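S.K.: Next up is a structure, given as structure tokens.
The values are calculated or read from the model by the stated rules, or taken from the named source; none is laboratory data. Computed from a predicted model, the values in this text were never measured in an experiment. Note: ideal-geometry Cβ built from the backbone for every residue, glycine included; neighbour counts use all protein chains shown.
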Amino acid sequence: MEKLQSKEQFEQLKKEERVVFMFSADWCPDCRVIEPILPGIEADYPEYEFIYVDRDEFIDLCGELDVFGIPSFVAYHNGEEAGRFVSKDRKTQEEIEAFLNSLSA
């Protein structure tokens, strides 16, 4: 998963056809729990570009997007927000896949 490098990169990437930003942090235990399943999810959803956003590096962006809990996912289609799976709760593989499936519905 590519790591977001700048706010400018975020603005460019969100204009892509289908992109999912995963907000996370190295210190977050719930984020570490889902880390091993993410490569499989990325492989199962090749139509999406997945971008890792370090919550601590981009705290202002998190505030702008109302992302206050991690791990969280925000999807964009061609510059428009397509959906979000944002909460402070631990996510399961099934929940993440259900979120991704709901985007193409």
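S.K.: Looking at the range 1-28, I want the residues that are more than 19 Å from F85 (Cα to Cα) and have a partner that is assigned to a helix (DSSP H, G or I) with Cβ atoms under 8 Å, at least 6 apart or on another chain. Which pairs are those?
M.R.: Once the first residue is more than 19 Å from F85 (Cα to Cα) and sits in the range 1-28, its partners that are assigned to a helix (DSSP H, G or I) give K7/D60; K7/L61.
S.K.: Restricting to strands (runs of 3 or more DSSP E) lying wholly in the chain: which have 1 or more residues that are in contact with a Lys or Arg (Cβ under 9 Å, 6 or more places away or on another chain) and hydroxyl-bearing (S, T, Y)?
M.R.: On the way: elements: 19-24, 49-54, 72-77, 80-85.
Passing ranges, in order: 19-24, 49-54, 72-77.
S.K.: When the residues of the range 77-105 are narrowed to those that are modelled with pLDDT under 90 and of a type in the set (S, T, N, Q), which ends up nearest to R55 (Cα to Cα)?
M.R.: Within the range 77-105, the first condition is being modelled with pLDDT under 90, and the residues that meet it are 86-90, 104-105.
Going one step further and asking which of them are of a type in the set (S, T, N, Q), we end up with 87, 104.
Details: S87: 14, S104: 26 Å.
The extreme case among them is S87.
S.K.: For P39, state whether it is exposed (fewer than 12 other Cβ atoms within 10 Å of the Cβ), modelled with pLDDT under 95 and on the phi < 0 side of the Ramachandran plot. Give the steps one after another, and end with the answer.
M.R.: Values: exposed (fewer than 12 other Cβ atoms within 10 Å of the Cβ): yes; modelled with pLDDT under 95: no; on the phi < 0 side of the Ramachandran plot: yes.
The answer is no for P39.
Each row is one residue, and each column tells you yes or no for (1) of a type in the set (F, W, Y); (2) at pLDDT 95 or above; (3) more than 19 Å from I70 (Cα to Cα).
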{"residue": "M1", "(1), (2), (3)": "no, no, no"}
{"residue": "Q5", "(1), (2), (3)": "no, yes, no"}
{"residue": "Q9", "(1), (2), (3)": "no, yes, yes"}
{"residue": "F23", "(1), (2), (3)": "yes, yes, no"}
{"residue": "C31", "(1), (2), (3)": "no, no, no"}
{"residue": "A43", "(1), (2), (3)": "no, yes, yes"}
{"residue": "I51", "(1), (2), (3)": "no, yes, no"}
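S.K.: Scanning for something of a type in the set (V, I, T) and touching a strand residue (DSSP E or B) at 6+ places or on another chain (Cβ under 7 Å), does the range 57-65 turn up at least one residue?
M.R.: First pass over the range 57-65, keeping only residues of a type in the set (V, I, T): 59.
Adding the requirement that they be touching a strand residue (DSSP E or B) at 6+ places or on another chain (Cβ under 7 Å) leaves none.
Taking every residue of the range 57-65 in turn, none turns out to be of a type in the set (V, I, T) and touching a strand residue (DSSP E or B) at 6+ places or on another chain (Cβ under 7 Å).
S.K.: Can you confirm whether the range 27-39 contains a residue that is over 21 Å from R90 (Cα atoms) and not small (G, A, S)? Before you say what the answer is, go through the steps one by one.
M.R.: First, the residues of the range 27-39 that are over 21 Å from R90 (Cα atoms): none.
For the range 27-39, residues over 21 Å from R90 (Cα atoms) and not small (G, A, S): absent.
S.K.: Let me ask you something else. Looking only at the range 58-105, which residues are β-branched (V, I, T) and loosely packed, with under 15 Cβ neighbours inside 10 Å?
M.R.: Within the range 58-105, the subset β-branched (V, I, T) is 59, 67, 70, 74, 86, 92, 96.
I59, T92 - these are the residues of the range 58-105 that are β-branched (V, I, T) and loosely packed, with under 15 Cβ neighbours inside 10 Å.
S.K.: Against the definition (surrounded by 12 or more Cβ atoms within 10 Å (Cβ to Cβ), closer than 20 Å to E2 by Cβ and touching a helix residue (DSSP H, G or I) at 6+ places or on another chain (Cβ under 6 Å)), how does R55 come out, yes or no? Spell out the reasoning first.
M.R.: Details: surrounded by 12 or more Cβ atoms within 10 Å (Cβ to Cβ): yes; closer than 20 Å to E2 by Cβ: yes; touching a helix residue (DSSP H, G or I) at 6+ places or on another chain (Cβ under 6 Å): yes.
Judged against the criteria, R55 is a match.
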